[in-house]
Amino acid sequence: MEKVTVLSLQKHKQEKIPITALTCYDASTAQLIDESGIDIALVGDSLANTRLGYANTLPVTVVEMLHHVKASSRGTKRALLVADMPFMSYEAAPWEAATIAGRFIKEGGANAVKLEGGKRVGASIKAILNANIPVMGHLGLTPQSVNKFGGFRVQGKSSADAKTILEDALALQNMGVFALVLEGIPAALGKTITKRLRIPTIGIGAGAGCDGQILVLDDLLGISQQPPKFVKKYADLRILMKGAVSRYRSDVLTRRFPTPDHSYH
Ligand code: KIV
């Protein structure tokens, strides 16, 4: 199978073939995604809530992200591996953003980085692109701005907000980002932005009009406890895993495990 690249993703848009993307957090989830033929494996900063037990994505650090990017790259062959830049790793200074993005590529083995925001983080995006590192944008309900938004609220509902998001999307395209994640915006806005852009859009709670879709792996697998409305659950792994662990416990307590079959003779 041919490696997915920023160029092959562009071809998806031209040929109207939907792009599939999912988050991954370690070698085994990356391998699962890769072997299933998913195009983009994103080591999302949702790592903070899904795996590290933080209440939101704000506390996760560059060192924590890097650890999981390295593991994920060991499980990825075909998919494009994108590393999420955590909160405050790119807002303060463009040189710092480029240095950290460089670590995700050089040490982590990622193929590209993603960061949240439009024109306000333009200087950092340009610095990363100047280092020849592909950048994926992320607009709409950007979780790192939860305090500014006053909660996880759908963005772009008023025409003024929708206009700002569209302008940011066009600005990101002009800067040279290779794709754009649109999160938590009305479906009609997702469709409009997708039509206006030459680069592919990847929606998450942004309707069916985007060029591709992404979900948090733990939401789709039914591991997360309270997934957002836009999630479609394809499995109930939390229930399955808890059931398996409880049956194991009960077998050990009642000496039904191990049997001679599970023993060396
Ligand atoms: O961190 C994340 O998981 C994301 C998504 C786009 C799902 O940014």
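Couplings 3J(HN,Hα) of segment 136-149, computed from phi: 9, x, 7, 10, x, 7, 7, x, 5, 9, 4, 5, 5, 6 Hz, in residue order, whole Hz [Karplus 6.51 cos²θ - 1.76 cosθ + 1.60, θ = phi - 60°; x for Gly and Pro]. Shape class of segment 90-162 from the Cα gyration tensor (axes a ≥ b ≥ c, square roots of the eigenvalues): prolate, since a/c reaches 1.5 or more and a/b is larger than b/c. Helix content alone sets the calculated 222 nm mean residue ellipticity of the chain: runs of n ≥ 4 DSSP H residues at -39500 (n - 2.57) each, divided across all residues, give -12000 deg cm²/dmol.
Counting 0.36 nm for each residue step from TYR264 to HIS67 and taking away their Cα separation leaves a gain of 67.2 nm. Once backbone amide H atoms are built at 1.01 Å from N, ILE19 has GLY212, GLN213 as its partners under 5 Å, excluding neighbours fewer than 5 places away on the same chain.
First measure r as the distance between the Cβ atoms of ASN132 and ARG196, then evaluate 1/(1 + (r/R0)^6) with R0 = 35 Å and state the FRET efficiency to the nearest 0.05. Working from the Cβ atoms, E equals 0.85.
On the principal axes of its alpha carbon atoms, the chain extends 68, 38, 38 Å, with the longest extent given first.
Packing-based ranking of 84-92, 60-68 yields 84-92, 60-68, ordered from highest to lowest mean Cβ neighbour count within 10 Å. Modelled spin labels at SER250 and ALA235, positioned 7 Å past Cα toward Cβ, are 2.3 nm from each other.
We did not get these values from a lab; they are worked out from the coordinates using the rules stated. From a predicted model like this one, the values you see are computed outputs, not experimental measurements. Note that each Cβ is placed from the backbone with ideal geometry, even for glycine, and that neighbours are counted across all protein chains shown.
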